[in-house]
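Step one of this worksheet: look at the structure below.
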Amino acid sequence: MTASIGRLKVDILDLETRRHTITSRTAFCNSVWSVAIEYFRLFQHGFTTPLLEPNSDRQTSVTVEERPHQLHAQIDFLRETVAHDVTDRVDHGVEALLENWKRLSLYHDDVNVELKRLEYVAVDSLQATTTVGLTITESTLQNLFPHLLDSRASDNEEKQESSLAAKLLNQRIIAHGSARFDWDPSSCRVIRLESKLDLLSPVLELLGSLEDVARVFDAALVTPEGRFTTNNFLS
């Protein structure tokens, strides 16, 4: 009986999620403006961990399309408002879009994205201006700037890079960003979502030297414009 009640609760939650998704699709259709606003509302604090069904021992690594019963507002929203082959001019697909959010969230603490301005730059295109707050952690250094922790460097280089790592660790930065949304009115979906994040300016403010900034981003796994360069997907 207890198991049946638990299963019923899951089914009810699933139906509520599907109802919300259908309602959202109707509300957002023909309005790239509304989609952009909801996008930044849902991802204000980065990617959130999916809610798993009761009794799930573990979450396996699956694609968005393979999660039909997973309760997750961010994924459901992207399913309904973004084209399956959405592009940022380099990568393609919803999984690639989610991957960027996962990396941003897992590699930093206290992610906070604020939408500052939204304006039309063409009939079916919007430009968003944002600020993104991030705290640099050990995970940031290990996953994005491993060369700053590389003990194989020569003594002098090692001391310089260790010093840079120490200056960055636990620092809170505010980076200015932008995102462009291109809309396809026939499918009622976003077909291009290109984001940029100016990491160079806040890092320069922290270190005070262009030479040091160059050392930080030389061999880094993220560009000064906020693009992750590794192609390995997270689980």
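Some points to look at:
- Residues being assigned to a loop (DSSP other than H, G, I, E, B) and either of a type outside the set (Asp, Glu) or at pLDDT below 95 (or both) - total across the range 177-201: 5
- Scanning the range 116-137 for residues that are within 16 Å of the chain's Cα centre (by Cα) and either surrounded by fewer than 17 Cβ atoms within 10 Å (Cβ to Cβ) or of a type in the set (Gly, Ala, Ser) (or both) returns ALA128, THR129, THR131, GLY133, THR135.
- A count restricted to the range 89-106 and to residues that are in contact with a Leu (Cβ under 6 Å, 6 or more places away or on another chain) and not basic (Lys, Arg) stands at 1.
- Residues of the range 77-100 that are among the hydroxyl-bearing types (Ser, Thr, Tyr) and under 15 Å from PHE43 (Cβ atoms): THR81 alone.
- Filtered residue count, the range 202-212, keeping only those that are surrounded by 15 or more Cβ atoms within 10 Å (Cβ to Cβ) and either over 16 Å from LEU169 (Cβ atoms) or modelled with pLDDT under 95 (or both): 1
The values are calculated or read from the model by the stated rules, or taken from the named source; none is laboratory data. Note that the structure is predicted; figures quoted are calculated from it, not measured. Heads up, the Cβs are rebuilt from the backbone with ideal geometry, glycines too, and the neighbour counts pull from every protein chain shown.
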